[in-house]
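Novice: Here it is, the structure in full.
Please treat every number below as a calculation from the coordinates, not as lab data. Remember, predicted model here, so these are calculated numbers, not experimental data. Don't worry about glycine lacking a Cβ; one is built from the backbone with ideal geometry, like all the others, and counts go over all protein chains shown.
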Amino acid sequence: MRISCPYCGQRDVVEFTYQGDATVERPDPASIDQNAWNAFVYDRANPAGRHRELWQHSGGCRAHLVVERDTVNHVIHSVAFAGEKQSPKTASKRKSPSRRKAAS
Amino acid sequence: MPVKVVGFVKARGAYVAYIRPRTYRFEASAPCRTEGTMAEYSAFSLLRNAFNGNRDWKPAWRKPEPKPSYDVIIIGGGGHGLATAYYLAAEHGISNVAVLEKGWLGSGNVGRNTTIVRSNYLLPASTRFYGFSMKLWENLSHELNYNVMFSQRGILNLAHSPAQADDYIRRGNAMRLSGGDAEWLSPEEIGRTIPGLDVSGSARFPVVGGLMQPRAGTARHDAVAWGYARGADRRGVDIIENCEVTGFLRDGDRITGVTTTRGEIRAAKTAVAVAGSTGRVMKRAGIDKLPIESHVLQAFVSESLKPFVDTVVTWGAGHLYMSQSDKGGLVFGGNIDGYNSYAQRGNLPIVEEVMSEMVAMFPSVARVRLLRSWGGVMDMSMDGSPIITTGPLPGMYLNCGWCYGGFKATPASGFSFAWTIARDEPHEINAPYTLDRFHRGILIDEKGQGATPRLH
């Protein structure tokens, strides 16, 4: 399996660290909704098919990536910086303009 | 490197006089049936069939058409599903049961594991559950009148640092306290047990000791599936292969049956024992999220060698477990690939990692050729322990979350799941393995890894 890092190009999967489901929503830190926190920590959709997941290019540029990958045949459909799925406010804090350009 | 040993008698075998294994409170309910002289497979039936041209053997299970309704439907014709059907019929007299299998019988993980049976766990819930499973294993060939080739050749966990030794000794003591068996072996004793292993201080990863569970071992995995299948079939259970569940029939919230590729089948009770496919099947019942991730685990067999190692060895400096099959092949495996997968095949980096670990442990096998490798889909739970419970919907029963330790649990899983289905309440041994333990914060996390399924 190879993942196309937006920075580094196509690299072997050994360079990446899997960080799990990218669709889980972290509740607001001030939230005291126990069910929301439990769901965030424990409950997963675990789809057979397309799965949005977080990988870090830990053996390369160290960027956090959101990879859309098919769990049935391991085909990778898209790779993007993790920051891009966040709210524009958070993303602009983390990414320099040149880095965002490289991603596109 | 001296290791302080507390609670163990060092000499192998001497511990029997030191501590007497306790019996379980519920031992009276552990089944001990024998088929007697009328057994279908016996020396006499072998002789009789030899003289009449082997014309009287019957298939081990029928190929029935599905009936419109049953008392219980079990989805999944693997080890756990078949064992559940067997114990439902044998223990609870419920034989109007269908086992629905989407492929052929035993095509999933029961035929894809590395055949290791052990009960070397730390936490009380685990030592009790797997200890009970070990007791069922010890009588299983007799119980099923089917040779599952259960070989109690022992499992040896090698420790490579004093800290790891302390950890293993603690686990060994926990096993002993719960009535199990464990022994601490010195490097010299390990050297005598496994002559092929370098136990000198100059080894790449020096061995400081090892935890041996003598009652552990291996079993012929296909025979376990076939034995349970035949036992269930002869008691009236319908095993229906090539029958994929496509949806669930409902009456309000209650599950009243399933739709399949071979038509609708109704039942008062529908049990799900589909391991890696849990997410896929439960979505069809409207359960979108579970504390489970499906991951791929690979396993390997080498070409046949002369007798090389007569126990199961695990390597503590990485993650590797290895034994030698009766045919002579080295059967071994390591970590899961580490990402969600339903593919039943893995990637090459793990192949390389496992091979390098194997060569680090036994440099002498470096030139042995690999014969086969394959992958299976593991239902990795959030705390590394299984779920055997009623629900989550009325009329439904769930058995999943086996991570990559489901094979050894097959008898106890079937026994306790059958109990749960028959009585609508858990058996003492599976009571801790609820689905709501995650949200209630009463996890059974053997490794203390937290909610990271790929690390369990």
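Novice: Can you bin every Cα-Cα distance in the protein assembly as shown into 20 Å intervals starting at zero and give me the percent of pairs per bin, rounded to whole numbers?
Specialist: Result returned by the calculation: 20, 52, 26, 2, 0.
Novice: A further question on this structure: Put +1 on the Cβ of every Lys and Arg and -1 on every Asp and Glu Cβ in region B:126-270; which of B:Leu211, B:Ala223, B:Phe129 then has its Cα farthest towards the positive end of the dipole?
Specialist: Checked the options; the winner is B:Phe129.
Novice: Take the alpha carbon atoms of region A:1-37, find their center, do the same for region B:359-435, and report the distance between the two centers in whole angstrom.
Specialist: When both Cα centres are located, 27 Å separates them.
Novice: Quick one: Cα centre-to-centre distance for region B:268-341 and region B:51-70, in angstrom?
Specialist: Their Cα centres are 31 Å away from one another.
Novice: Given points 7 Å out from each Cα along the Cα-Cβ axis, report the A:Val41 to B:Asp288 separation in nanometres with one decimal.
Specialist: The answer from the label model is 2.3 nm.
Novice: While we're looking at this one, here's another question. After finding the eigenvalues of the alpha carbon gyration tensor for chain B, what semi-axes result from the square roots of 5 times each, listed largest first in whole Å?
Specialist: Largest first, chain B gives 36, 25, 22 Å.
Novice: Continuing with the same structure: In region B:132-254, how does Rg compare with the Kirkwood Rh, expressed as the Rg/Rh ratio over alpha carbon atoms?
Specialist: Result for region B:132-254 is an Rg/Rh of 1.19.
Novice: By a straight-distance test (C-alpha under 15 Å), which aspartates and glutamates pair with B:Lys283 as possible cross-link partners, with residues fewer than eight away in the same chain excluded?
Specialist: By straight Cα distance, B:Lys283 reaches A:Asp43, B:Glu244, B:Asp253, B:Glu293, B:Asp379.
Novice: By how many degrees, between 0 and 90 and to the nearest 10, does the Cα long axis of helix B:221-234 differ from the longest principal axis of chain B?
Specialist: 30
Novice: Roughly speaking, what is the centre-to-centre gap between region B:102-136 and region B:176-242 when only Cα atoms are used, to the nearest Å?
Specialist: Using only Cα atoms, the two centres lie 11 Å from each other.
Novice: Can I get the semi-axes of region B:110-153's equivalent ellipsoid? Compute them from the C-alpha gyration tensor as square roots of 5 times the eigenvalues, in angstrom, largest first.
Specialist: Whole-Å semi-axes of the equivalent ellipsoid: 21, 13, 9.
Novice: Can you give me the angle between helix B:348-361 and the longest principal axis of chain B, using Cα atoms only, in degrees from 0 to 90, rounded to the nearest 10?
Specialist: Helix B:348-361 sits at roughly 40 degrees to that axis.
Novice: On to the next question. Order by neighbour count: B:Met175, B:Met322, B:Met378, fewest other Cβ atoms within 10 Å first, most last.
Specialist: Exposure proxy ranking, most exposed first: B:Met175, B:Met322, B:Met378.
Novice: Take every DSSP beta bridge with both residues inside the protein assembly as shown and express the antiparallel ones as a percent of the total, to the nearest 5.
Specialist: Antiparallel: roughly 80 percent of the beta bridges in the protein assembly as shown.
Novice: In addition: Once amide H atoms are built 1.01 Å from N in the peptide plane, which residues 5 or more positions from B:Ile74, or in another chain, come under 5 Å H to H?
Specialist: So B:Ile74 has HN proximity to B:Ala98, B:Val99, B:Leu100, B:Ala271.
Novice: Also, I was wondering about something else. Counting other beta carbons within 10 Å of each Cβ, put B:Trp402, B:Trp315, B:Trp104, A:Trp37 in order, fewest first.
Specialist: The most exposed by this proxy come first: B:Trp104, A:Trp37, B:Trp315, B:Trp402.
Novice: Next question, about the same structure. Grab the eigenvalues of the alpha-carbon gyration tensor for region B:197-326, scale each by 5, take roots, and send me the semi-axes largest first in whole angstrom.
Specialist: Largest first, region B:197-326 gives 43, 21, 13 Å.
Novice: Pull up all non-local amide H partners of B:Lys289: gap of 5 or more, or a different chain, and H-to-H distance under 5 Å with H placed in the peptide plane.
Specialist: none
Novice: Another question about this same structure. Which residues' amide hydrogens lie under 5 Å from the amide hydrogen of B:Gly338, considering only partners 5 or more residues apart or on another chain, with H built in the peptide plane?
Specialist: B:Val296
Novice: Using just the Cα positions, wrap region B:368-456 in a convex hull and report its mean projected area in square nanometres, one decimal place.
Specialist: With every direction weighted equally, the projected area is 7.6 nm².
Novice: With θ taken as phi - 60° and the coefficients 6.51, -1.76 and 1.60, list the Karplus ³J(HN,Hα) couplings across region B:182-190 in order, rounded to whole Hz; mark glycine and proline as x.
Specialist: Here the 3J(HN,Hα) series is 7, 9, 9, 10, 7, x, 5, 5, 5 Hz.
Novice: Can you run phi through the Karplus equation (6.51, -1.76, 1.60; θ = phi - 60°) for region B:39-44 and list ³J(HN,Hα) in whole Hz, with x for Gly and Pro?
Specialist: 4, 5, 10, 7, 4, 5
Novice: How far, in degrees from 0 to 90, does helix B:79-92 lean away from the longest principal axis of the Cα atoms of chain B, to the nearest 10?
Specialist: Here the helix axis deviates by roughly 60 degrees.
Novice: What list of ³J(HN,Hα) couplings, whole Hz, do you get for region B:284-292 from phi and the Karplus terms 6.51, -1.76, 1.60, once you set θ to phi - 60° and write x for glycine and proline?
Specialist: Those phi angles translate into 5, 9, x, 8, 7, 9, 9, x, 9 Hz.
Novice: Further question: Would you calculate the volume per residue, in Å³, of the smallest convex hull containing every Cα atom of region B:85-139?
Specialist: Spelled out: Cα convex hull of region B:85-139, divided by residues, is 125 Å³.
Novice: Report the relative contact order of chain B, percent, no decimals, based on alpha-carbon pairs under 8 angstrom and at least 6 residues apart.
Specialist: Working: 1013 pairs, mean separation 92.1, N = 456.
Here the relative contact order equals 20 percent.
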